[in-house]
Every structure is written in structure tokens, then in C-alpha cells.
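A.B. asks: Can you keep this structure in mind? I'll have questions shortly.
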Amino acid sequence: MQQIHILLVDDNEGDILLTREALDDARIINKISIAYDGVEALRFLRKQILDANMPDLILLDINLPKMDGTELLGIIKTDPDLKRIPVIMLTTSSAEKDILASYNNYANCYITKPVDLDRFMDVVRTIEDFWISIVKLPKTVQ
């Protein structure tokens with residue numbers, strides 16, 4: 001089975017741990033890279049970080065230090081080398097302005113993180129089932 005590389009951009013250690021756990025529990029083989037803020041994620045995507053390989057999928061929080069997720073999304077989706085990578089906004093915000101800004105910047109989907117632990121795990125598994133098992137992702141250029 002093909003390995004899928006996911007870049008998780010989130011500054012919340014608890015959410016990172018839960019997301020990793022949910023992805024590890026699934027039957028799909030994944031490589032998960034973590035960026036704790038928008039600047040670090042952009043450096044990763046531009047291969048300015050040692051051993052950075054282009055991800056097949058990005059899970060992106062909005063509320064990040066240094067550069068927020070909406071700004072990073074705008075940069076990703078206007079960069080010819082990055083724009084084909086699917087970006088899933090996975091955030092605690094349910095504000096209409098954040099949802100609109102995300103889709104205006106070409107987010108592939110917007111998901112509000114549930115506060116309930118079991119529901120959060122279900123959401124991550126559903127993301128994985130759909131985006132990895134069903135959707136055909138483009139091959140990334142390393």
C-alpha cells in the first residue's frame with residue numbers, strides 16, 4: 001500500500017497527539033510531519049527544513065502563531081509548486097468569516113474540531129477514510 005505523507009500544521013499539543021493517534025489507528029500507512037506555526041510550515045513546504053518532503057495532504061489549523069492558517073493557505077494556493085496539495089482546514093473556529101476566508105483562499109474543505117474526544121477521533125478517521133482511501137491524490141514532486 002502506498003504511503004501517504006500528511007503535514008499537520010497545529011500548535012496545540014493535545015490536538016496533535018489526538019490526530020496522530022487517530023491516524024495511527026487507521027489501516028492506512030501514513031507518514032506525518034508536524035509544523036507548529038505557519039512560518040515553520042512554509043519553510044517545510046519550500047524545503048528549507050532538513051529532510052522535508054512534499055506532503056500529499058495538509059491538515060491546517062487557522063489559529064497559529066507567527067502566521068495564521070488563512071494567510072498560509074493563501075500562500076500555498078497561489079504558489080505554482082504547492083497549489084495542487086489538498087488543504088483541509090481543521091480548526092476550532094466556527095466563525096463564518098473564517099469559513100468564508102478559507103474557501104476564498106481555495107481550501108479543499110473546512111472542518112470544525114469537535115470538543116468531544118470520541119467525536120474528534122471519528123472526524124480524523126473520516127478525513128483519512130475519504131481523503132486517503134477514496135480520493136485520488138496527485139503525485140507530489142519531491
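A.B. asks: Pairs of Cα atoms under 8 Å, at least six residues apart: use those to get the relative contact order of region 84-142, whole percent.
C.D. replies: 35
A.B. asks: For region 5-13, take each phi angle, set θ = phi - 60°, evaluate the Karplus expression 6.51 cos²θ - 1.76 cosθ + 1.60, and give the result in whole Hz per residue in order, putting x for glycine and proline.
C.D. replies: For region 5-13, the Karplus-derived couplings read 9, 10, 9, 9, 10, 7, 9, 9, 4 Hz, x marking Gly and Pro.
A.B. asks: If you average the sequence gap of Cα pairs under 8 Å that are 6 or more apart and divide by the length of the chain, what percent do you get for the contact order?
C.D. replies: Here the relative contact order equals 25 percent.
A.B. asks: Under a Cβ-Cβ cut-off of 12 Å, what is the net charge of the residues other than K77 that fall near it, where Lys and Arg count +1 and Asp and Glu count -1?
C.D. replies: Result for the local shell: -1.
A.B. asks: Keeping every protein chain present and rolling a 1.4 Å probe, give me the accessible area per residue for the chain in Å².
C.D. replies: Here the residues of the chain average 53 Å² of exposed surface.
A.B. asks: Of all trypsin sites (Lys or Arg not before Pro) in region 50-142, which ones are in loop regions per DSSP and have a Cβ with at most 16 other Cβ atoms within 10 Å?
C.D. replies: Numbers: sites: K66, K77, K83, R84, K97, R119, R125, K136, K139; in loops: K66, K83, R84, K136, K139.
Qualifying residues, ordered by number: K66, K83, R84, K136, K139.
A.B. asks: At 0.36 nm per residue, and after removing the present C-alpha to C-alpha distance, how many nm does the segment from E13 to N104 gain when stretched out fully? Provide the component values of the computation, followed by the final result.
C.D. replies: Details: separation 91, 0.36 × 91 = 32.76 nm, distance 2.82 nm.
That pair, E13 and N104, stretches by 29.9 nm at full extension.
A.B. asks: Let me know the number of lysine pairs in the chain closer than 17 Å at the Cα, not counting same-chain pairs under 8 apart.
C.D. replies: Counting lysine pairs in the chain gives 9.
A.B. asks: Would you calculate the volume per residue, in Å³, of the smallest convex hull containing every Cα atom of the chain?
C.D. replies: 103
A.B. asks: Oh, and also: Based on DSSP H runs of at least 4 residues, each adding -39500 (n - 2.57), what is the mean residue ellipticity at 222 nm of the chain after dividing by all its residues, to the nearest 500 deg cm²/dmol? If you can, show how the numbers build up before the last one.
C.D. replies: Working: 5 runs with 52 residues, N = 142.
The helix contribution divided over the chain gives -11000 deg cm²/dmol.
A.B. asks: Also: Using unit Cβ charges (K, R positive; D, E negative) and no other charged atoms, how large, in debye to the nearest 20, is the dipole of the chain about its Cα centre?
C.D. replies: Once rounded to the nearest 20, the dipole reads 700 debye.
A.B. asks: Would you mind counting up the charge near P65? Only other residues with Cβ under 9 Å from its Cβ, with Lys and Arg at +1 and Asp and Glu at -1.
C.D. replies: -2
A.B. asks: Over all directions, the average projected area of the alpha-carbon convex hull for region 86-142 comes to how many nm²?
C.D. replies: It is 4.8 nm².
A.B. asks: Could you please state how large a percent of the accessible area of the chain is carbon and sulfur, counting protein chains only and using a 1.4 Å probe?
C.D. replies: 52
The values are calculated or read from the model by the stated rules, or taken from the named source; none is laboratory data. None of these values were measured; they are calculated from a predicted model. Virtual Cβ from ideal backbone geometry, glycine too; neighbours counted across all protein chains shown. Accessible surface areas use protein heavy atoms only, side chains included; no ligands, DNA or RNA. Shrake-Rupley method; radii C 1.70, N 1.55, O 1.52, S 1.80 Å.
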